[in-house]
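Below: the structure, in structure tokens.
Rule-based calculations on the coordinates, nothing more; no lab input. It should be emphasised that the depicted structure is a prediction, and the values quoted were computed from it without experimental measurement. Glycine gets a Cβ as well: all are built from the backbone with ideal geometry, and neighbour counts include every protein chain shown.
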Amino acid sequence: MPVGMKAPCNEPGEDSLHIKVPSRLSEQYWTKATQYQFWYSTLGLVLGALCVVLGVVLFFHGIAGTTSWTMNVLGAKSQLSDAAPGVAFAVLGLFVIWATRFNVESKTR
């Protein structure tokens with residue numbers, strides 16, 4: 001299974017989806033993986049914040065137009081209709097920030 005993909009968990013009391021990796025991976029591997037995750041999240045935060053700021057600027061300058069979208073991903077549905085372009089950019093920016101957030105979970109068994 002590729003890195004970043006989630007596998008079903010069969011153990012009770014845990015999340016239904018998580019990544020299973022061998023315990024023999026070196027500390028250097030985890031250091032690099034954490035660094036790459038940090039930079040990925042930082043880039044997502046910067047791009048998302050730029051989208052939000054651009055959306056706010058477009059909204060307050062009164063840029064006219066209508067935007068609509070319907071998105072259905074893994075059971076989650078998003079519908080935005082008759083929105084100004086600024087609102088669409090702001091919502092897109094918030095989604096990018098949420099999707100690329102930095103999340104570290106350490107479990108010692």
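As I understand it, the dipole of segment 22-109 uses +1 on the Cβ of Lys and Arg and -1 on the Cβ of Asp and Glu, about the Cα centre. Which of VAL96, LEU54, GLN37 lies farthest toward its positive end?
The residue sitting most towards the positive pole is GLN37.
Using packing as a proxy for protection, rank 81-87, 57-63 so that the peptide with the highest average count of other Cβ atoms within 10 Å comes first.
Result, highest mean Cβ count within 10 Å first: 81-87, 57-63.
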